[in-house]
Ligand SMILES: Cc1cc2nc3c(=O)[nH]c(=O)nc-3n(C[C@H](O)[C@H](O)[C@H](O)COP(=O)(O)O)c2cc1C
């Protein structure tokens, strides 16, 4: 049996949900990380990942310029970083430098990886579709990287509250 209630109430049922970070180069060459829940793997061959970015975000301007992104699966220990990247804008500061995040160079695109993440994927945008107040970008995965130490993935269990789940 189901009962109809407002969308704002029902959408809380989505938790827990995986959280991600996308790093996008802006027009000045700064690598700007954005925390991101709305993302998914969308194709096996070729491998593709889609991310949804709000039209008001600084990251929206950046991806329209660079057409590339690094898609990061943060590890369990990165909750504070996700909170920081998701509550500050690259308009105002260099989030990676401010947070002291450990990075290493990407190999196929002009960007960086998060060294302590569970995994990083280098992606090149192939198509986009407007979805209300967000734009969805589908990116071709051109390189994939995994942590040399086994890492639990980060989930959001409520707004701004995070927990880890170990992959099999
Ligand atoms: C856990 C979490 C998930 C988020 N998911 C998304 C998302 O899927 N898409 C989006 O555009 N913003 C999302 N946000 C909000 C952006 O991360 C936030 O507005 C950020 O400050 C934008 O940074 P920018 O201005 O540098 O682009 C999320 C924030 C948090 C904390």
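Just so it is clear, none of the values below were taken in a lab; they were calculated from the coordinates. A quick note: this is a predicted structure, and the numbers were derived from the prediction, not measured. All Cβ positions, even for glycine, are placed from backbone atoms using ideal geometry, and neighbour counts span all protein chains on display.
At what distance in nm do the modelled label points of residue 94 and residue 148 sit from each other, each positioned 7 Å from its Cα along Cα→Cβ?
Using points 7 Å along Cα→Cβ, the separation is 2.6 nm.
If each residue's Cβ is checked for other Cβ atoms within 10 Å, how do 112, 124, 129 rank with the fewest at the top?
Least to most surrounded, the residues fall as 129, 124, 112.
Remind me, relative contact order of the stretch 18-165 in percent, using alpha carbon pairs under 8 angstrom and six or more residues apart?
28 percent
For residue 128 and residue 28, calculate 0.36 nm times their separation in residues minus their Cα-Cα distance, and state this gained length in nm to one decimal.
Stretched out fully, the residue 128 to residue 28 stretch lengthens by 33.7 nm.
Working only with C-alpha atoms, what are the Rg and Dmax values of the stretch 1-100, expressed in angstrom?
Here Rg and the maximum Cα pair distance are 15.5, 54 Å.
In a Gaussian network model over the chain where Cα atoms closer than 10 Å are linked, find which of 23, 34, 44 has the largest mean-square fluctuation.
The residue with the greatest mean-square fluctuation here is 44.
The chain: D in µm²/s via Stokes-Einstein (Kirkwood Rh, Cα pairs, 25 °C, 0.890 mPa s)?
150 µm²/s
Hey, rough spin-label estimate for residue 8 and residue 41, points 7 angstrom out along Cα→Cβ, what's it come to in nanometres?
That separation, rounded to one decimal, is 3.6 nm.
Determine the calculated [θ] at 222 nm for the chain from helices alone, applying -39500 (n - 2.57) to every DSSP H run no shorter than 4 residues and normalising by the residue count; nearest 500 deg cm²/dmol.
-3500 deg cm²/dmol
Name the shape class, rounded, prolate or oblate, that the alpha-carbon gyration tensor gives for the stretch 93-145, where a ≥ b ≥ c are the square roots of its eigenvalues, rounded holds for a/c under 1.5, and otherwise prolate holds if a/b is larger than b/c and oblate otherwise.
Judged from the Cα gyration tensor, the stretch 93-145 comes out oblate (a/c at least 1.5, b/c at or above a/b).
At a 10 angstrom cut-off on C-beta neighbours, averaged per residue, how do the peptides 64-77, 146-159 rank from highest to lowest?
Listed from highest to lowest mean packing, they are 64-77, 146-159.
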